[in-house]
């Protein structure tokens, strides 16, 4: 099967690329390397069977339509995004250009290519706004309070349009807080990677707020498994991809410190404006329709992540 992964140089995308190549598929990666890295694709780039191609391109470029039309993927995994909530708040036009206009380029390319299905990343942490139920189900009202969340909500509406009018199948995957190897420990998103980077550098990580805010941490390999399963199942559905379990940031810190033998307490700073106090996603729909369940425990996932950062310092 010929596939395309937008955002394929990111930590989720590159893990998906490795899985697709291991299963014998052809893979085109589209990434502008603004947040992703070619180092994440080191294994894929050594592939000698000509099943892997890399295209450095911004999805905002109209050229994306022509590229997709030329490569003719059967399935597109659309993961490229401006994913920083704070950036979306300070630069909403930029966020919309990437996450809405860029996504429309991908969908238009899919039409031109005769693509069968687009599996795309939504955001379980933002599309529901402040959740009224924990864990949150897909039927919860979508009241996003950030431009990033709004863009992800709108993308599902556009996907519905492309399916109803043009017959293009889709599945929307609402990720919880994804963590794992290759996540950037120097970025603004991803508390696991940030804590790991700081602890390995023997610097005290900072917890914003009192540490009792909760998140649903799901391991990257589990997320990739859900994406692959959605190729043949779950058409026209939104899926929560999480564990359904709340973990406080303080518990996360304590668990990582224990795994790493790190003895220092965290620093504390004021809570970030607008930050959710609680978040967890109910993944039951994915179990029913995709046969998917998270299979990595938090401690096992943290051990794998920390081991990666130990062997890839700097």
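Please specify each residue of the range 10-34 satisfying the condition of being touching a residue at least 40 places away in the same chain (Cβ under 8 Å) and either within 19 Å of residue 179 (Cα to Cα) or not in a loop (DSSP other than H, G, I, E, B) (or both).
Of everything in the range 10-34, those that are touching a residue at least 40 places away in the same chain (Cβ under 8 Å) and either within 19 Å of residue 179 (Cα to Cα) or not in a loop (DSSP other than H, G, I, E, B) (or both) turn out to be 10, 11, 12, 13, 14, 15, 16, 19, 20, 28, 30, 31.
Among the residues of the range 68-81, how many are free of Cβ contacts under 8 Å to residues at least 60 places away in the same chain and under 23 Å from the mean Cα position of the chain (by Cα)?
Total meeting the criteria: 0.
Just checking: which of the helices (runs of 4 or more DSSP H) contained wholly in the range 83-165 hold 1 or more residues that are modelled with pLDDT under 95?
Once the helices (runs of 4 or more DSSP H) in the range 83-165 are filtered for at least 1 residues that are modelled with pLDDT under 95, what remains is 85-90.
What number of residues in the range 35-61 are out of contact with any strand residue (DSSP E or B) (no Cβ under 8 Å at 6 or more places or on another chain), more than 16 Å from residue 78 (Cα to Cα) and not in a helix (DSSP H, G or I)?
Residues flagged as out of contact with any strand residue (DSSP E or B) (no Cβ under 8 Å at 6 or more places or on another chain), more than 16 Å from residue 78 (Cα to Cα) and not in a helix (DSSP H, G or I) within the range 35-61 amount to 6.
Could you check the range 166-186 and list, in sequence order, the residues that are surrounded by fewer than 17 Cβ atoms within 10 Å (Cβ to Cβ) and part of a loop (DSSP other than H, G, I, E, B)?
Scanning the range 166-186 gives 167, 186.
In contact (Cβ under 8 Å) with a residue 60 or more places away in the chain, surrounded by fewer than 16 Cβ atoms within 10 Å (Cβ to Cβ) and over 22 Å from residue 213 (Cα atoms): is that true of residue 310 in this structure?
Answer is yes for this residue.
Looking only at residues that are more than 21 Å from the chain's Cα centre (by Cα) and in contact (Cβ under 8 Å) with a residue 24 or more places away in the chain in the range 148-176, which one is farthest from residue 230 (Cα to Cα)?
The residue in question is 166.
How many of the residues in the range 84-109 are within 24 Å of residue 190 (Cα to Cα) and out of contact with any strand residue (DSSP E or B) (no Cβ under 8 Å at 6 or more places or on another chain)?
Adding up the residues that qualify gives 18.
Quick one: in the range 124-147, of everything that is surrounded by 24 or more Cβ atoms within 10 Å (Cβ to Cβ) and touching a strand residue (DSSP E or B) at 6+ places or on another chain (Cβ under 7 Å), which residue is nearest to residue 230 (Cα to Cα)?
So the residue we want is 124.
Only one of 232, 245, 203 is within 15 Å of residue 282 (Cα to Cα) and surrounded by fewer than 19 Cβ atoms within 10 Å (Cβ to Cβ); which?
245 is the lone residue from the list that is within 15 Å of residue 282 (Cα to Cα) and surrounded by fewer than 19 Cβ atoms within 10 Å (Cβ to Cβ).
From the list 109, 102, which one is out of contact with any helix residue (DSSP H, G or I) (no Cβ under 7 Å at 6 or more places or on another chain) and over 28 Å from residue 248 (Cβ atoms)?
Result of the check over 109, 102: 102.
From the residues in the range 71-82 that are touching a strand residue (DSSP E or B) at 6+ places or on another chain (Cβ under 8 Å) and part of a loop (DSSP other than H, G, I, E, B), which one is farthest from residue 12 (Cα to Cα)?
Out of the qualifying residues, it is 72.
Is there a residue being farther than 28 Å from residue 74 by Cα and in contact with a helix residue (DSSP H, G or I) (Cβ under 9 Å, 6 or more places away or on another chain) anywhere in the range 115-126?
For the range 115-126, residues farther than 28 Å from residue 74 by Cα and in contact with a helix residue (DSSP H, G or I) (Cβ under 9 Å, 6 or more places away or on another chain): present.
Quick one: which of 35, 46, 3 is modelled with pLDDT under 95 and either farther than 26 Å from residue 190 by Cα or surrounded by fewer than 15 Cβ atoms within 10 Å (Cβ to Cβ) (or both)?
46
Of everything in the range 277-289, what is more than 18 Å from the chain's Cα centre (by Cα) and buried (at least 16 other Cβ atoms within 10 Å of the Cβ)? Give them in sequence order.
278, 285, 289
The values are calculated or read from the model by the stated rules, or taken from the named source; none is laboratory data. Just so it is clear, the model here is predicted, and its values are computed rather than measured. Methodologically, a virtual Cβ is constructed for each residue, glycine included, from the backbone with ideal geometry; neighbour enumeration extends over all protein chains shown.
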